[in-house]
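The values are calculated or read from the model by the stated rules, or taken from the named source; none is laboratory data. What you see is a predicted model; the values in this text were computed from it and never measured. FYI the Cβ positions are ideal-geometry reconstructions off the backbone, even for glycines, and counts take in every protein chain you see.
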Amino acid sequence: MIYSPGKRYYFGHKLNANENWFSTSKNIIFLIKTISKNFEKLKFYPDSDNFYFTQIISKTYNLKKKEIFICNGSDEGLFFLFFLFKNFKIKIPKISYPFYNVYSSFNKIYTKKIKYKKIINFNNIIFPSPNSPYGVFFKKKEIINKINKRNFIIIDEAYCEFYNMGYTKYISNNNNLIIIKTLSKSFSLAGSRIGIIFSNEKIIKKLNFIKHCFNSYTIDTINNLIGIESIKDKNYLYYKMQKNNFFKLLLNFFFKKKNEGNFICIPKNIDFNFYFSKKYFFFRNYNFLLRITISNYFILKKIIKNYFLWS
């Protein structure tokens, strides 16, 4: 079993990979100018401990540095977590992020597939919040009641900034809560491959051990600096989330949905998908639904206009 990424298109409107259509932090523009004057740094290996990046994350999320693990994209972090818990019977959602199945199969882990709405009733679980591709999530109280010392709970928060309900403040040495984040979505850095894992000191120590068995330099020098500037720019992140949520509200209203994240899902219609592909709109095509990434006002307007022409 392998993962099939969203198909790459070199023309038209690519709305099949949940990439953030709003530009990344303007701080990075100034950073790139600084890097261009300091090419000397590139002759050295990157900082394996990500010292300054970890420090910024620690201050931003109010956690200890020993509770933070930085990886080469959240997908690498997920692989390390599945490898770490390969001797456990992990419960994963039946319909969710395909990499859960890929990593389970690769590491020969016995997993049990549970309906997303019921997975919170089991122990040793992993799930996205909100879930992809449906954009649904659990009530905060349900998750808080599940956090304990005996069993682990891994929450994939790839889209959490889009609905402002993260759980990093509940990280503690008194529980086995694990949060995995990515800078690909809300921070508009899909091309930089930066992921972060938050958990208790014991689990983070084990993840660092695994990392040094694979590749000690998971984040390169330039992406380390890019990550620092993006995390620091809270105001711009808030501004982007407001824009995304406004367009999401319009698209949800138009299609009569209640999806969270930076996407909406609609029932699959072959004629609809074929018509829009001819108009150079490319959506993520599942067996049972179509997933449309939230984009800007110009594209949203064209989607609605073409919808009426199609219908």
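Within region 134-141, does at least one residue satisfy the condition of being among the β-branched types (Val, Ile, Thr) and under 22 Å from Ile68 (Cβ atoms)? Looking for residues that are among the β-branched types (Val, Ile, Thr) and under 22 Å from Ile68 (Cβ atoms), one finds none in region 134-141, hence no.
Of all residues in region 230-287 being hydroxyl-bearing (Ser, Thr, Tyr) and surrounded by 15 or more Cβ atoms within 10 Å (Cβ to Cβ), which is farthest from the chain's Cα centre (by Cα)?
Tyr275
Has region 299-309 got at least one residue that is surrounded by 15 or more Cβ atoms within 10 Å (Cβ to Cβ), charged (D, E, K, R), in the same structural domain as Gly77 (by TED's automatic domain parsing) and farther than 21 Å from Ser4 by Cα? So far as region 299-309 goes, no, none of its residues is surrounded by 15 or more Cβ atoms within 10 Å (Cβ to Cβ), charged (D, E, K, R), in the same structural domain as Gly77 (by TED's automatic domain parsing) and farther than 21 Å from Ser4 by Cα. Does region 279-292 contain at least one residue that is in the same structural domain as Asn176 (by TED's automatic domain parsing), more than 18 Å from Ala158 (Cα to Cα) and in contact with a strand residue (DSSP E or B) (Cβ under 7 Å, 6 or more places away or on another chain)? Scanning region 279-292 turns up no residue that is in the same structural domain as Asn176 (by TED's automatic domain parsing), more than 18 Å from Ala158 (Cα to Cα) and in contact with a strand residue (DSSP E or B) (Cβ under 7 Å, 6 or more places away or on another chain).
For (1) among the small types (Gly, Ala, Ser); (2) over 17 Å from Gly73 (Cα atoms), each residue gets a yes or a no:
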position: Ile155; (1), (2): no, no
position: Asn173; (1), (2): no, yes
position: Ile197; (1), (2): no, no
position: Asn200; (1), (2): no, yes
position: Ile204; (1), (2): no, no
position: Leu207; (1), (2): no, no
position: Ile210; (1), (2): no, no
position: Ser216; (1), (2): yes, no
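Pairs meeting the criteria (first residue in region 107-126 and over 25 Å from Glu76 (Cβ atoms) and of a type in the set (D, E, K, R), second residue assigned to a loop (DSSP other than H, G, I, E, B) and at pLDDT 90 or above, beta carbons under 7 Å, at least 6 apart or on different chains) are Lys115/Lys94.
Going through region 1-33 one residue at a time, which ones are among the hydroxyl-bearing types (Ser, Thr, Tyr) and touching a residue at least 24 places away in the same chain (Cβ under 8 Å)?
Tyr3, Ser4, Tyr9, Ser23, Thr24, Ser25
Reported count of residues in region 99-116, each being exposed (fewer than 15 other Cβ atoms within 10 Å of the Cβ) and part of a loop (DSSP other than H, G, I, E, B), is 3. Take region 209-220 and flag every residue that is buried (at least 17 other Cβ atoms within 10 Å of the Cβ) and either of a type in the set (S, T, N, Q) or without any contact (Cβ under 8 Å) to a residue 12 or more places away in the chain (or both). Of everything in region 209-220, just one residue is buried (at least 17 other Cβ atoms within 10 Å of the Cβ) and either of a type in the set (S, T, N, Q) or without any contact (Cβ under 8 Å) to a residue 12 or more places away in the chain (or both), namely Thr218. Return a yes/no flag: does region 244-257 have any residue that is under 23 Å from Asn62 (Cα atoms) and either outside any helix (DSSP H, G or I) or outside the structural domain of Phe53 (by TED's automatic domain parsing) (or both). No: zero hits. Across region 78-98, the qualifying residues are those that are over 28 Å from Asn223 (Cα atoms) and aromatic (Phe, Trp, Tyr), and the one among them that is surrounded by the most Cβ atoms within 10 Å (Cβ to Cβ) is Phe85. Among helices (runs of 4 or more DSSP H) entirely within region 1-89, having at least 3 residues that are at pLDDT 85 or above and touching a helix residue (DSSP H, G or I) at 6+ places or on another chain (Cβ under 6 Å) singles out 51-61, 73-84.
Which is surrounded by 13 or more Cβ atoms within 10 Å (Cβ to Cβ), more than 19 Å from the chain's Cα centre (by Cα) and of a type outside the set (A, V, I, L, M, F, W, C), of Asp75, Asp47? Being surrounded by 13 or more Cβ atoms within 10 Å (Cβ to Cβ), more than 19 Å from the chain's Cα centre (by Cα) and of a type outside the set (A, V, I, L, M, F, W, C) holds for just one of Asp75, Asp47, which is Asp47. Scanning region 258-281 for residues being of a type outside the set (A, V, I, L, M, F, W, C), in contact (Cβ under 8 Å) with a residue 12 or more places away in the chain and part of a helix (DSSP H, G or I) gives a total of 3.
Filtered by the rule that a residue be hydrophobic (A, V, I, L, M, F, W, C) and within 19 Å of the chain's Cα centre (by Cα), region 129-152 gives Val136, Phe137, Phe138, Ile143.
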